[in-house]
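Take a look at the structure set out below.
The values are calculated or read from the model by the stated rules, or taken from the named source; none is laboratory data. Just so it is clear, the structure is predicted and the values come from calculations on it, not from any experiment. Don't worry about glycine lacking a Cβ; one is built from the backbone with ideal geometry, like all the others, and counts go over all protein chains shown.
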Amino acid sequence: MKTPSFKQKLQYWFDNFMARGTSAMLIGLFVLSALIIFIAAALVKLTNTAPNGESFLEVAWMSLLRTLDSGTMGGDTGSPFFLLMMLIVTFGGVFVVSALIGIINNGIEDKMEELRKGRSLVLENDHTLILGWTPQIFTILSELILANESRKSGAVIVVLADQDKVEMESAINDRISDFKNTRIICRSGNPIDLNDLEIASPHTARAIVVLAEGADSDTQVIKIVLALTNNPNRHAEPYHIVTQIREPQNMNVVKMLGAKDRVLPILTNDLIARVVAQTSRQSGLSIVYTELMNFGGDEIYFKAEPALVGKTYGEALFAFETSTVMGLRTANGAVTINPSMDTRIESGDQLFLIAEDDDKIIFTDSRPTLDLNLIHESKKVSTPKPERGLILGWNRSGATIVRELDNYVPKGSQLTIVSDIDDLEKQIKSEFGKLTNQKITILEGDIRNRDLLEKLEASEYDHVIVLAYSHLEVQAADAITLVALLHLRDIAEKDETPFSIVSEMLDLRNRELAEAAQVDDFIVSEHLISLMMTQLSEDAELLDVFTDMFAPEGSEIYLKPISDYIELGQALNFYTILEAARRRGETAIGYRLMDQASHAEKSYGVHTNPKKSEKISFSANDKIIVLAEK
């Protein structure tokens, strides 16, 4: 091998030195400036050509001033050699200053680019960390901002996603106008990459929300949870992780990964299917769920009340004026919504209630005034008639919806499914097999076709469900749903037989457009999941409450005719309604005024946790919202 020359070695050293970046360039300029100044000063001193016999340091100072300001030499006098040295120093200064300006400018640009990339370390504690980027993030951020309002010292939310930092910040600012006392910090990086994950300081976060991204979202979620729970830098305390899973078989994998942590996965398709199935038979139910899970009004809190120890659950219902009891959590952690009214409250037990805030849960020992003469006695329940249901469209939740409907509808019911998905009949039969209470008819067709809807005689069905196609892009799927809804509403207005229309929307913004169709209910699937994830990120103990609430076993939320409970047209307080429900083994949590059903600003008539002493009169179409077994 040929030995490199001195020039090549010098060039190689210089290239390596300059490759170190801005700091190396600044050091090089400083050294070059010092050499020019001290060499010039030394030559002037050696030749004894200083104008007034200045010392070496004085000549060096004069050279430094001419390096920094080229105009300084304009007043120089002295020998030709001295003037030449000052001229050389000045030219060197022009070069150095010009280079310095360029280096500083490039350094600032590099730093701005680095900041744009969002690669700097987040130095925060007790923050909420969101990993991933989907449309759900805007709902989650909005709800967390509301939840953080009560934190006097403010709060921080960190978002880490494989997106451009500036674009993320711009999208958030476009969708959220008021951050209140919350700071939102965005960082760019892949949540699966351990090095990128460290940027967001996951080990100091109070809660971590993992969003499901991509076509194979479950795999992405599993990898991120694995990166968190098996991180070499993890802390000993359990991590609080909230996420969502689409396929049931992946639930056990996620729980296995979080055996030492508090990992709370939500089975998305199953939850939405249950809500759709229940709401199709009870208009307004999804609004009740939304009211219970958002931070805009009242939320669910746990409360231990020593004064109620020894009393029954039925007595506890009347012990709070501005909050509403939902159920009981025993000392061993078992959660029951609407337990038996004679259940004794023991030491260590906690009630869970709907309240505006935890400090609004105030016990009162005074006996409320009840209008007992306005309460209707429990009537014998008549045998339900078989129902006819129609599902328009199809998605991954469809099979679960059919199974859920089979649990609720009377025997002999019929269900017709219409979709333009190829080979749907074979797919459906392989997914849910034989049904107990309903017979299925599957048809192929375009659900936007008015002639098809007329031929189906949509008005002859008791319930119509419009599902969003999951294989299409979000806006395209919602557009098909909107067209079908407009046709259905027009058909309903021309027919005297009422039938309920329930629709699933993918984008929350399209709900406002769909209100023109006056649909009885909407299920914005991603929105509802986002609300639940946000609630669980703030309080992991709510998982047991939500699990019991949405489970087909035990008590669930029902909207029942209020005329079955109390006398209509008479002003009475909510304590009286509580008593009417208690006598039937049910827990009343609110009511729905049907004359407000089309007013979004009035929560579509849904009132949960009303003030119990205020009097109100009801009409024949109004509903009572109760927790009951059926």
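Among the residues of region 550-565, those identified as surrounded by fewer than 22 Cβ atoms within 10 Å (Cβ to Cβ) and touching a residue at least 40 places away in the same chain (Cβ under 8 Å) are 550, 552, 554, 558, 560, 561, 563, 564.
Say we look at region 131-183 and pick out the residues that are outside any strand (DSSP E or B), among the hydrophobic types (A, V, I, L, M, F, W, C) and touching a residue at least 60 places away in the same chain (Cβ under 8 Å); which of these is farthest from residue 203 (Cα to Cα)? Checking each candidate, the answer is 146. Residues in region 589-627 that are aromatic (Phe, Trp, Tyr) and within 21 Å of residue 556 (Cα to Cα): 591, 604.
Only strands (runs of 3 or more DSSP E) whose full extent lies in region 326-406 are considered here, and the ones with at least 3 residues that are surrounded by 14 or more Cβ atoms within 10 Å (Cβ to Cβ), modelled with pLDDT of 90 or more and among the aliphatic types (A, V, I, L, M) are 350-355, 388-392. Pull out all pairs, ordered by first then second residue, where Cβ-Cβ is under 9 Å, the residues are six or more apart or on different chains, the first lies in region 598-614 and is at pLDDT below 80, and the second is among the aromatic types (Phe, Trp, Tyr). Matching pairs, first to second residue: 598/604. Going by what's in this entry, would residue 480 be described as of a type outside the set (D, E, K, R), assigned by TED's automatic domain parsing to the domain that holds residue 402 and assigned to a strand (DSSP E or B)? Considered against the rule, which asks whether it is of a type outside the set (D, E, K, R), assigned by TED's automatic domain parsing to the domain that holds residue 402 and assigned to a strand (DSSP E or B), residue 480 comes out as no.
Out of 166, 159, one residue alone is in the same structural domain as residue 227 (by TED's automatic domain parsing), in contact with a helix residue (DSSP H, G or I) (Cβ under 7 Å, 6 or more places away or on another chain) and either among the charged types (D, E, K, R) or surrounded by fewer than 17 Cβ atoms within 10 Å (Cβ to Cβ) (or both). It is 166.
The residue of region 506-524 that is modelled with the highest pLDDT, among those that are in contact with an Asp or Glu (Cβ under 6 Å, 6 or more places away or on another chain) and of a type outside the set (Asp, Glu), is 506. Does region 304-312 contain at least one residue that is touching a Leu at 6+ places or on another chain (Cβ under 7 Å) and of a type outside the set (Asp, Glu)? No: region 304-312 contains no residue that is touching a Leu at 6+ places or on another chain (Cβ under 7 Å) and of a type outside the set (Asp, Glu).
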